Amino acid sequence: MKMTREQRYRLIEQAEEGEIEKLEALISACSWRQSYHIQPITGLLNDPNGFSFYQGHYHLFYQWFPLGTEHGMKYWYHVRSTDLVNWEMMGIGIPPGDPFDSHGAYSGSGIVKNGKLHLLYTGNTRDEAWVRHPYQCLAIMDESGSVVKAEQPVISSVPPGYTEHFRDPKVWQDGDIYYCVIGAQRTDETGCTVLYRSSDLTAWEFLGEIQTHLSHFGYMWECPDYIEMDGKGILLFSPQGIESDGDLYNNIFQSGYLIGEPLNLQTGEFQHGEFQELDRGFDFYAPQTMAAPDGRRILVGWLGLPEVEYPTDASGWAHCLTIPRQLSLRDGKLIQQPVAEMAKLRQQAQGSCYQTTLENSSETIAAFDGIAYELECEISHFNAERFGIEFRTGAEEKTVLKYDRLQQKLILDRSLSGAPMKGVNGTVRQCKLNGDVIKLQLFVDTSSVEIFVNDGEEVFTSRIFPSPESGGIRFFASGGKAEFKATKWDY
Ligand code: FRU
């Protein structure tokens, strides 16, 4: 049953007696709880926030509505890790409910200054007429983990020319100066990103818009992020309102990036190429990156989307975060690879191996059964028209990853994956792929799959909701042959 607005905009303290215990009981009976992904203890998780490294730990927060699976009063929930793989739950990071975040502590980012973790976020407020007034706020976390909010917002008004859809500050440092990008909507209802500068993280000067070639590209750009790599400038953002176009933009909202010359921090000028989607799957949104102490650029995304109903809603929780991915640039494209630390989750040093050539046949590998594992598979010497892997298979269920050689497309088909989602366009996602060898790396968890193709050239990120009994794997080739070499590690 849908919550009323009043129910959605409650703080945890306003939960009814027994309400949280009821959610917990539902959740503990849910067979789709993840085993190695970050997921909410109760309620709804969305964007990753404040991803940073501070005092020997990676810190990560996420948007959290504790009391239900709809988008309501958002908190920042805090987790931390020394290795990006084993996460400790630290409780609430930023609670909403103060005058400048009365209707939610919305997305933002973190940066270390003077030995403290500074968290810049959007305070969402609504007036009596339910009109939104966003503030960009600061909260400071010290070594003990205690978080204190600044009394006043650091950016208290929306500059002329933009609507109240003005949020998600992402901060970085360049020399002695701090910059931040904010997702915005122009008054003509087109999306863009604006740029601010500060010398102390408190007084911010509006520099104007990042001038891209995309003057009419959706109605709002959420969660922007600006990074530089190999002398290039990269603007990541999640535009809303992009029409689907063949294999592209088939989810309700997209996430992608522009690569170009480094952004001109004085003028906001940005010379860049085409918008490219980050992910080819069904469930990926609002990613955020951080610079690790060893120089790696690491990305985490929300493994979910707004406005889609997921089968776990009935069990009192929704969504999880993706595994952390290391970014690099190859041939004008952002490459995502699982961080090397993921190998720590492997239960065996040597995984189980399988090697065969299939010709108009399929083979089930009993040793590869499971619901949480990593699978590496290289497919070569193929002339089959179609070949691939069926995983999480059961009596009636399967998730299919197949290559269609005639179309030169890699296809993820979840039409028989299990419980359906509501509000999703179609049951197939696909992209062009060519080459003589196809390398697949699958991270399967109880209710998700992340597929890295050809060392991160493409990624398909998706939820799937099979029954716990559907743990089989089958390799197949039809209309010819294909050679498979696979290794599987249990997680
Ligand atoms: C993106 C988003 C952000 C906002 C947050 C609220 O998913 O809509 O723009 O800050 O979620 O939870």
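The values are calculated or read from the model by the stated rules, or taken from the named source; none is laboratory data. The model shown is predicted, which means the values in this text are computed figures rather than measured ones. Don't worry about glycine lacking a Cβ; one is built from the backbone with ideal geometry, like all the others, and counts go over all protein chains shown.
Is it the case that some residue within region 23-32 is assigned to a helix (DSSP H, G or I), polar (S, T, N, Q) and within 22 Å of residue 96 (Cβ to Cβ)?
The answer is no; no qualifying residue exists.
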Residue 342 vs. criteria farther than 26 Å from residue 431 by Cβ and among the hydrophobic types (A, V, I, L, M, F, W, C): no
Residue tally, condition more than 16 Å from residue 285 (Cβ to Cβ) and either more than 16 Å from the ligand (Cβ to nearest atom) or more than 17 Å from the chain's Cα centre (by Cα) (or both), over region 31-64: 17
Qualifying residue in region 279-298 (condition: touching a residue at least 40 places away in the same chain (Cβ under 8 Å), more than 16 Å from the ligand (Cβ to nearest atom) and among the polar types (S, T, N, Q)): no
Matching residues, region 236-249, being over 19 Å from residue 269 (Cα atoms), within 16 Å of the ligand (Cβ to nearest atom) and touching a residue at least 40 places away in the same chain (Cβ under 8 Å): 238, 239, 240, 241
Residue in region 313-325 that is under 26 Å from residue 24 (Cα atoms), small (Gly, Ala, Ser) and within 15 Å of the ligand (Cβ to nearest atom) present: yes
Residue satisfying condition, being surrounded by 18 or more Cβ atoms within 10 Å (Cβ to Cβ), over 25 Å from residue 407 (Cβ atoms), over 18 Å from the mean Cα position of the chain (by Cα) and within 16 Å of the ligand (Cβ to nearest atom), within set 233, 304, 218: 218
Some residue of region 409-425 being of a type in the set (A, V, I, L, M, F, W, C), at negative phi, surrounded by fewer than 21 Cβ atoms within 10 Å (Cβ to Cβ) and outside any loop (DSSP other than H, G, I, E, B): yes
Residues within region 22-59 that are under 16 Å from residue 313 (Cα atoms) and either surrounded by fewer than 19 Cβ atoms within 10 Å (Cβ to Cβ) or in contact with a Ser or Thr (Cβ under 7 Å, 6 or more places away or on another chain) (or both), tallied: 16
Single residue of 399, 364, 356 found to be touching a residue at least 40 places away in the same chain (Cβ under 8 Å), closer than 17 Å to residue 447 by Cα and of a type in the set (Ser, Thr, Tyr): 399
Residue match in region 124-131 (condition: buried (at least 24 other Cβ atoms within 10 Å of the Cβ) and of a type in the set (A, V, I, L, M)): no
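From the list 298, 323, 335, pick out the single residue that is modelled with pLDDT of 95 or more and touching a His at 6+ places or on another chain (Cβ under 9 Å).
The unique qualifying residue is 323.
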Lone qualifier among 402, 432 - being basic (Lys, Arg), buried (at least 16 other Cβ atoms within 10 Å of the Cβ) and over 30 Å from residue 49 (Cβ atoms): 402
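One line per residue, one yes/no per condition, for (1) in a strand (DSSP E or B); (2) modelled with pLDDT of 95 or more; (3) farther than 25 Å from residue 256 by Cα:
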{"residue": "145", "(1), (2), (3)": "no, yes, yes"}
{"residue": "148", "(1), (2), (3)": "yes, yes, yes"}
{"residue": "152", "(1), (2), (3)": "no, yes, yes"}
{"residue": "160", "(1), (2), (3)": "no, yes, yes"}
{"residue": "163", "(1), (2), (3)": "yes, yes, no"}
{"residue": "169", "(1), (2), (3)": "yes, yes, no"}
{"residue": "172", "(1), (2), (3)": "yes, yes, no"}
{"residue": "208", "(1), (2), (3)": "yes, yes, no"}
Residues of region 113-123 classified as within 16 Å of the ligand (Cβ to nearest atom) and surrounded by fewer than 24 Cβ atoms within 10 Å (Cβ to Cβ), total: 0
Which listed residue, of 91, 110, 68, 97, is under 29 Å from residue 174 (Cα atoms) and more than 11 Å from the ligand (Cβ to nearest atom): 110
Residue in region 259-272 that is within 16 Å of the chain's Cα centre (by Cα) and more than 16 Å from the ligand (Cβ to nearest atom) present: no
Restricting region 71-88 to residues that are within 21 Å of residue 310 (Cβ to Cβ) and not aliphatic (A, V, I, L, M), the residue that is farthest from the ligand (Cβ to nearest atom): 77
Residues (surrounded by fewer than 16 Cβ atoms within 10 Å (Cβ to Cβ), out of contact with any helix residue (DSSP H, G or I) (no Cβ under 9 Å at 6 or more places or on another chain) and of a type in the set (D, E, K, R)) located in region 77-96: 88
